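Read-outs: derived from the displayed coordinates by stated rules, not from any lab. Since the model is a prediction, treat every value here as computed from it, not as a measurement. Glycine also receives a Cβ, built like all others from the backbone with ideal geometry; neighbour counts cover every protein chain displayed.
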Amino acid sequence: MITFTPLSGAAKSSQISPLAYLLQVDDVRILLDCGSPDWAPEPPHKPKSEDGSESLYHWEPYCQSLREVSPTIDLVLLSHGDLSHAGLYPYAYSRWNLKAPTYTTLPVQAMGRIAVSEDVEGIREEEDVGDEVERKTGMEDDTLVRESSRSLTPKIDVPKGKYVATLTEVQDAFDSINTLRYSQPTHLQGKCQGLTITPFNAGHTLGGTIWKIRSPSSGTILYAVNINHMRERHLDGTVLMRQAAGGVFEPLARPDLLITDAERASVTSSRRKDRDAALIDTITATLSSRSSLLLPCDSGARVMELLVLLDQHWNYSRLRYPICFLSRTGREMLTFVRSMMEWLGGTVSKEDVGEEGTGNRQNNKRRRDDDGEDEALGALALRFKHLEFFPDPQALLQTYSSKDPKLILAVPASLSHGPSRNLFSDFAAVPDNVVLLTSRSEEGTLGRDLFNKWNDSQRPDDKWDRGKIGSNVMMDGAITLRMNHKVPLQGAELEAYQQKERAAREKEAAHQAAFVRNQRMLEADEDDSDSDSDSDAEDEDEVRQALEEDLMDTEMEGVSNPLEIGKRKKVDKGADGVDWGMDGDEGPTKQLLSFDIYLKGNVSKATSFFKSTGGQTQRFRMFPYVEKKRRVDEYGETIDVGMWLRKGKILEEDAESDEAKDIRKRAQAEEDAKKAIREPPSKFVSSEIEVQMACRLLFVDMEGLNDGRAVKTIVPQVNPRKMIIVHAPPSAAEALIESCGNIRAMTRDIFTPAVGESVQIGQQTNSFSISISDELLASLKMSRFEDNEVGYVTGRVVAHANSTIPVLEPVSSSAINVDHADRAEISKRRILGSRPTVTLPHSTMIGELKLTALKSRLATIGVQAELIGEGVLICGAGAKYNTVSETLEESVAVRKTAKGKVELEGNVSDVYYKVRREIYNLHALVAA
């Protein structure tokens with residue numbers, strides 16, 4: 001049985017972002033996407049309680065639900081690498097025990113890491129997110145250091161409940177993700193054993209995925225959200241629609257359940273050529289008038305399409321204006337994309353993108369020689385020579401004056417925080433500047449407010465969802481923005497902070513000194529108690545060890561009393577335990593020698609190199625020499641000792657307990673904190689500024705999503721047996737349901753669950769293991785269907801004492817016991833001369849009829865057939881002459897209903913029997 005519960009992003013909901021859904025297939029709980037909302041909504045959209053204080057934000061129910069279900073999740077599937085699909089995954093992984101195996105494609109992992117890192121770093125640089133140490137039963141205890149603990153002034157209107165991870169948590173979470181290739185089926189193990197997941201290209205973003213989940217008990221589930229069938233400059237369209245095949249991709253057709261979004265089901269998109277022309281014309285006209293443009297964008301999901309378009313236009317028009325990209329992770333994003341060229345599509349190639357042209361090979365070679373780093377990565381394309389990266393607005397102002405014309409791409413696209421918001425506060429007050437929006441952003445953000453202002457000022461026929469571009473509008477009036485900053489402490493605040501730090505250090509030092517003093521006292525007590533009993537044994541051990549070490553030396557030097565030498569060595573040993581070699585005469589010739597290496601025996605003699613004292617053989621100190629031999633195994637393979645040491649370390653880490661792991665993690669965290677560069681003490685401040693709007697505003701849809709016409713065409717062609725609509729406003733969901741209702745072959749089982757509402761599909765099934773006896777297996781009549789053989793069996797289940805698996809055995813005639821009285825009663829009721837009632841064998845047809853396959857088979861036997869739509873195939877003379885009235889007797893209609901039934905309609909004729917026979921041949925006929 002399938003149970004589907006939206007945690008966020010449901011249909012018919014006012015808040016449709018982010019996306020997160022709980023799918024339960026039998027006993028396996030799957031989390032589909034784990035997106036995050038925008039953590040910085042505008043003040044008008046912040047909820048207020050009755051007493052005027054801040055209440056829960058709209059994301060609180062979603063975050064609490066995700067926190068409750070995270071420990072019970074068995075599998076996580078991520079479809080796109082943006083914030084609305086993967087933004088909350090690092091926080092849930094690190095603090096809510098979302099440790100289930102996670103799968104996605106390599107670009108989604110890389111782009112998701114970049115997007116979340118950019119978001120959390122931007123938020124933490126501006127406000128205190130209120131980190132807390134969360135302790136929960138069954139969860140790992142993670143000690144989290146609050147970055148904003150140095151702030152001494154009261155927090156100014158800090159909202160609660162912002163679940164923002166740290167950069168370390170983001171890296172650890174995305175490192176744990178398993179990556180797959182497109183069309184790579186993966187058979188899961190453990191609790192998910194039996195499930196098979198396969199990713200397919202969804203378009204829209206680099207590595208965007210349609211997930212196909214195959215369950216042996218529940219059938220095929222297709223999760224397809226935010227898809228795009230149109231080919232773009234850097235991506236191919238979704239694999240769901242194959243233009244060459246003229247329909248849906250065969251492995252994705254006719255699923256048992258389709259989960260899809262309908263956000264743009266009521267939208268009519270403008271043509272791509274018109275959108276590109278409007279974008280380029282606006283940019284060119286603004287820069288030519290010595291003004292600048294601000295283009296808010298994301299950090300990687302859709303910005304590549306804009307960069308490719310702008311680079312092509314800059315090269316074609318030979319523009320000299322700079323393209324400034326304000327992002328902390330911009331260079332890293334472009335490096336990742338260059339290393340994943342096999343995932344790109346569209347018009348991106350090594351010749352026409354990022355280079356001056358296809359024929360300028362020497363310039364390209366010279367540029368590759370100058371850029372050794374990219375050449376080492378093997379990146380020959382996407383070299384945007386007009387693109388410049390800046391980490392913050394201050395770096396941009398140091399390079400270019402505010403009066404210089406330029407195109408600025410700044411993150412994030414919602415203008416809720418970060419460089420785009422800081423630039424907008426100064427940018428919007430300059431006349432003739434243009435703010436160019438390419439996405440609508442999330443509800444409640446500054447980007448959505450600006451979009452609403454632009455859309456409301458357009459004529460009814462020029463709205464964004466009417467297939468028109470619209471025109472730019474002049475902004476007027478004032479807007480109040482709340483700006484957050486992190487500033488260093490100064491004056492009295494800095495002195496108070498330093499005094500507090502000194503007091504804390506002194507207290508810690510005193511505590512440490514007291515601990516060391518107590519430890520020494522304990523050790524001294526132990527030494528006093530053990531000294532009397534162990535002193536004699538220690539002396540004897542030292543003498544014995546000295547005698548054993550110098551036994552050979554004394555024999556060589558002719559010493560007659562070894563015990564005397566051992567005592568002398570013990571007395572001559574210094575306080576530091578180093579053996580200072582002493583002359584055997586104990587006179588003024590005594591020499592104290594010390595070496596970095598330790599050599600056994602008293603080998604220092606005050607004699608010449610060529611002479612010996614007393615005729616004894618002399619041995620001098622020499623540095624040891626160790627011959628390094630190449631160690632190989634029996635097969636000639638070099639033994640890598642370091643590999644075995646690393647393997648042993650990994651095995652030790654796996655074997656150690658959770659408590660030991662926690663201690664080691666804390667020690668590592670403390671060591672990293674000591675090595676890290678300490679930031680100056682700072683605090684977070686918040687201020688409200690009033691901006692007098694004087695710029696122009698234009699919206700051009702560059703989101704790269706299907707519009708309503710595409711959605712209403714693709715979904716009926718997929719033709720699912722059941723469908724769930726998510727991520728859609730009420731009007732869009734109703735529009736898609738109405739469109740599907742007008743198609744007779746389309747399913748009527750369409751669900752639109754609300755947030756927290758569970759939908760159950762199918763029935764609970766139980767599977768059992770059973771063994772078929774050899775006698776019954778020999779009597780079976782098998783019918784072949786595709787790659788399988790099926791048969792009908794009747795038997796009796798028998799449990800043997802020597803086997804845990806029951807055996808299915810044939811039913812013999814002697815097993816049917818009927819009382820004689822019952823037989824007499826039956827004979828009395830039987831009419832004279834009649835035969836006993838015998839149940840006729842019934843047959844079962846297994847398989848699914850495809851009208852295209854039936855048409856091909858009929859063509860091979862000479863029967864004409866044509867599809868006339870609505871799931872009807874006309875066979876015979878009617879298909880050939882298209883005149884039903886004259887050739888009605890020779891025509892047969894084959895029709896498929898929505899429930900999978902096949903209806904054969906026509907007069908009795910040769911064509912009728914031929915068509916019926918071919919229909920039977922396309923199925924497996926199993927007789928009882």
| field | Among the listed pairs LYS468/LYS722; LYS385/LYS468; LYS722/LYS901; LYS99/LYS212, those beyond 25 Å (Cα-Cα) | value | LYS468/LYS722; LYS385/LYS468
| note | Once SER176 and VAL473 are pulled to full extension, the length gained, defined as 0.36 nm per residue separation minus their Cα-Cα distance, is 102.2 nm
| said: Quick check on packing: order 508-521, 291-304, 729-742, 256-269 by the mean number of other C-beta atoms within 10 Å, highest mean leading. | reply: 291-304, 256-269, 729-742, 508-521
| query | For labels at ALA669 and HIS58 in the simple 7 Å Cα→Cβ model, what's the distance in nm? | reply | 3.4
| note | Most exposed to least, judged by fewest other Cβ atoms within 10 Å, LYS406, LYS191 sort to LYS191, LYS406
| said: If neighbour count is taken as other Cβ atoms inside 10 Å, put VAL811, VAL726, VAL872 in order from fewest to most. | reply: VAL811, VAL872, VAL726
| What is the gain in length, in nm to one decimal, between GLN189 and ASP426 on full extension, counting 0.36 nm per residue of separation less the C-alpha to C-alpha distance? | 79.8 nm
| said: Between ASP236 and ASN921, how high is the FRET efficiency from 1/(1 + (r/R0)^6) when r is the Cβ-Cβ distance and R₀ = 41 Å? Nearest 0.05. | reply: 0.60
| message | Using Cβ counts within 10 Å as a stand-in for footprinting exposure, how do LEU522, LEU75, LEU780 rank, fewest first? | response | LEU522, LEU780, LEU75
| message | Please compute the modelled spin-label separation between ASP910 and VAL632, points set 7 Å along Cα→Cβ, answer in nm with one decimal. | response | 8.0
| note | Going residue by residue through segment 695-701, the Karplus relation 6.51 cos²θ - 1.76 cosθ + 1.60 with θ = phi - 60° gives ³J(HN,Hα) values, rounded to whole Hz and with x marking Gly or Pro, of 8, 9, 9, 9, 10, 10, 6
| In whole angstrom, how far apart do the alpha carbon centroids of segment 168-220 and segment 387-426 sit? | 37
| remark: Cα-Cα longer than 30 Å, checked against LYS403/LYS453; LYS500/LYS649; LYS162/LYS273, kept in input order, equals LYS500/LYS649; LYS162/LYS273
| Those residues of segment 189-226 whose amide nitrogen sits under 16 Å from the label point placed on ASP27, 7 Å along Cα→Cβ | 189-195, 216-218
